[in-house]
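**Student:** I have a structure here, written as structure tokens, and I will follow up with some questions on it.
What follows is calculated from the coordinates using simple rules that are stated; it is not laboratory data. Owing to the predicted nature of the structure, the values given are computational and were not obtained by experimental measurement. Positions of Cβ are generated from backbone atoms using ideal geometry, with glycine treated the same way; all protein chains shown enter the neighbour counts.
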Amino acid sequence: MQKAAEKLSKLTTGSVLIKGGHLEDSADDLLFTDGKVFWLKSPKIYNPNTHGTGCTLSSAIACNLALGLTTLESVKNAKEYITGAIKAGLNIGRGRGPLNHCYNL
């Protein structure tokens with residue numbers, strides 16, 4: 001993941017976030033920003049209802065950046081939000097359902 005982030009960073013002026021949700025034993029993400037690597041550790045949550053996690057994560061990051069937080073703070077906050085929404089275990093409909101966006105209201 002780190003090698004990929006470093007290679008991708010050479011193609012952009014921004015930060016690179018590589019999600020770890022599909023790892024077997026954890027859901028650790030890697031953020032490469034300003035030439036530094038940050039591992040955002042998270043336990044694996046076994047919940048099939050994760051439809052929309054990528055879109056929700058990127059929106060949460062953008063909202064935090066709009067509030068003036070740093071990239072690292074924004075990604076940490078967004079990951080915490082996503083983790084809580086997945087942990088909430090919303091189960092509606094059939095197939096892979098959405099995560100619970102309103103879990104903390």
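**Student:** Computed FRET efficiency, Cβ-Cβ of Leu72 and Leu23, R0 30 Å: what is it to the nearest 0.05?
**Tutor:** The calculated FRET efficiency here is 0.90.
**Student:** Also: Connecting C-alpha atoms closer than 10 Å in a GNM of the chain, tell me which of Thr56, Thr70, Thr12 has the biggest fluctuation.
**Tutor:** Thr12
**Student:** Let me ask another. Build a GNM of the chain with springs between Cα atoms under 10 Å: which of Lys36, Lys44, Lys76 gets the top mean-square fluctuation?
**Tutor:** Largest GNM mean-square fluctuation: Lys36.
**Student:** What is the local net charge at Leu67, summed over the other residues whose Cβ is closer than 15 Å to its Cβ (Lys, Arg +1; Asp, Glu -1)? Could the numbers behind the result be given before it?
**Tutor:** Working: positive: Lys76; negative: Glu73, Glu80.
Local net charge: -1.
**Student:** Could you compute the net charge surrounding Ser42? Neighbours are other residues with a C-beta less than 14 Å from the C-beta of Ser42; K and R count +1, D and E count -1. Don't skip to the answer; put the middle values down first.
**Tutor:** Details: positive: Lys19, Lys41, Lys44, Lys76, Lys79, Lys87; negative: Glu24, Asp25, Asp28, Asp29, Glu80.
Combined, the nearby Lys, Arg, Asp and Glu give +1.
**Student:** Summing Lys, Arg as +1 and Asp, Glu as -1, what charge do residues with Cβ under 13 Å from the Cβ of Ala5 carry, Ala5 excluded?
**Tutor:** Computed value for this residue: +1.
**Student:** Give the order of Phe32, Phe38 when sorted by the count of other beta carbons within 10 angstrom, beginning with the fewest.
**Tutor:** Values: Phe32 21, Phe38 16.
Final ranking by Cβ density, sparse to dense: Phe38, Phe32.
**Student:** Let me ask another. Using only alpha carbons, build the gyration tensor for the chain and give me the equivalent ellipsoid semi-axes, biggest first, whole Å.
**Tutor:** 25, 16, 11
**Student:** Quick one: if you stick a label point 7 Å off each Cα along the C-beta vector at Leu65 and Asn91, how many nm between them?
**Tutor:** Those two pseudo-labels are separated by 3.7 nm.
**Student:** Pulled fully out, how much extra length does the chain show between Val37 and Met1, if you take 0.36 nm times their separation in residues and subtract their Cα-Cα distance?
**Tutor:** Here the segment from Val37 to Met1 would lengthen by 11.9 nm.
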